[in-house]
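The values are calculated or read from the model by the stated rules, or taken from the named source; none is laboratory data. Predicted model only: the values in this text are computed from it and were never measured. Counting neighbours? That spans all protein chains shown, and the Cβs are built from the backbone with ideal geometry, glycine included.
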Amino acid sequence: MTLLAVSFDAFETRVRTALAGDKPGARAHLSMAPRPRRPLHEDTASLRKAAGLLLLYPVNGLPHVLLTERAGTLQRHGGQISLPGGTLEPSETIEVAALREAFEECGVRADAVRVLGGLTPIQIPVSSFLLYPIVGATSERPSLQLDSGEVAQILEVPVETLIDPGCLGRRHQTRDGIDIDVPYFDLSGARVWGATAMIISEFLHLLGYEPSPWT
């Protein structure tokens, strides 16, 4: 029996247990990181803190992940696929920030989300953020209400799709005059790359799946 051939409650328990143990961190990030990657900041204390919510919920009994396509008008990372999330407000905890942002962007009620744990913080060098991914779950598909100023559309992605090697791809592009190789998850034409892909990679590693577009 595969991991996904279980009830959502059993899947949630598996995720919570995995998050309580050792995390693969950088090793999992690297499998979906652009090559070469931008240089990382040595002093992470100088980076601005942000939080993102990797939300799990059942659709027709199967676990799904909520992703957003950021509005193209946004100054930072416009048009990219990301987790609901944003910058911490003063005196705000990581969990509170992740839940607040999910509500503001997508209408996900904080009181409906069970926080299961956190993934490894990840640097976003281009915008000098340190992003803390929080994993949460709801018992039912949430009723979504988008903030059109921040979110162009929602992607509800089956975990089953993310673990399918057929959704992995790579493309070449030039950044600052350097040729780079960019891995991504192809979700019916929507390409998930960069920090979001690296976070998803760590989540999948915890479940026993190791995505690799390099083989």
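Residues that are assigned to a loop (DSSP other than H, G, I, E, B) and surrounded by fewer than 19 Cβ atoms within 10 Å (Cβ to Cβ) within the range 118-141 comprise Thr120, Pro121, Ser128, Thr138, Ser139, Glu140, Arg141, listed in sequence order.
Checking each residue in the range 72-93 for being within 27 Å of Thr13 (Cα to Cα), in a loop (DSSP other than H, G, I, E, B) and either at pLDDT below 95 or over 12 Å from the mean Cα position of the chain (by Cα) (or both) picks out only Thr93.
With respect to the numbered conditions (1) at negative phi; (2) surrounded by 15 or more Cβ atoms within 10 Å (Cβ to Cβ); (3) in a loop (DSSP other than H, G, I, E, B); (4) modelled with pLDDT under 95, which one is the sole condition not fulfilled by Glu69? Going through (1) at negative phi; (2) surrounded by 15 or more Cβ atoms within 10 Å (Cβ to Cβ); (3) in a loop (DSSP other than H, G, I, E, B); (4) modelled with pLDDT under 95 one by one, Glu69 breaks only (3).
Considering only residues in the range 97-117 that are part of a strand (DSSP E or B) and not charged (D, E, K, R), the one that is surrounded by the most Cβ atoms within 10 Å (Cβ to Cβ) turns out to be Leu116.
Condition first: buried (at least 22 other Cβ atoms within 10 Å of the Cβ) and either out of contact with any strand residue (DSSP E or B) (no Cβ under 7 Å at 6 or more places or on another chain) or part of a loop (DSSP other than H, G, I, E, B) (or both). Now tell me which residues in the range 195-210 satisfy that.
As a first pass, look at the range 195-210 and keep what is buried (at least 22 other Cβ atoms within 10 Å of the Cβ): 195-203.
Across the range 195-210, the qualifying residues are Ser201, Glu202.
Taking the range 163-177 on its own, how many of its residues are in a strand (DSSP E or B), of a type in the set (D, E, K, R) and more than 27 Å from Leu206 (Cβ to Cβ)? Please lay out each step first, then the result.
Here is the first cut: in the range 163-177, the ones in a strand (DSSP E or B) are 168-175.
Of the ones still in play, those that are also of a type in the set (D, E, K, R) are 170-171, 175.
Narrowing the set further to residues that are more than 27 Å from Leu206 (Cβ to Cβ) leaves 175.
The number of residues fulfilling the criteria is 1.
Does Ile94 satisfy being crowded, with 17+ Cβ neighbours inside 10 Å and more than 24 Å from Pro58 (Cα to Cα)? Here the answer is yes, as Ile94 does meet what is asked. For the range 1-57, which residues satisfy the criterion of being without any contact (Cβ under 8 Å) to a residue 40 or more places away in the chain, surrounded by 13 or more Cβ atoms within 10 Å (Cβ to Cβ) and of a type in the set (Ser, Thr, Tyr)? Once the filter is applied, which keeps residues that are without any contact (Cβ under 8 Å) to a residue 40 or more places away in the chain, surrounded by 13 or more Cβ atoms within 10 Å (Cβ to Cβ) and of a type in the set (Ser, Thr, Tyr), the range 1-57 yields only Thr13.
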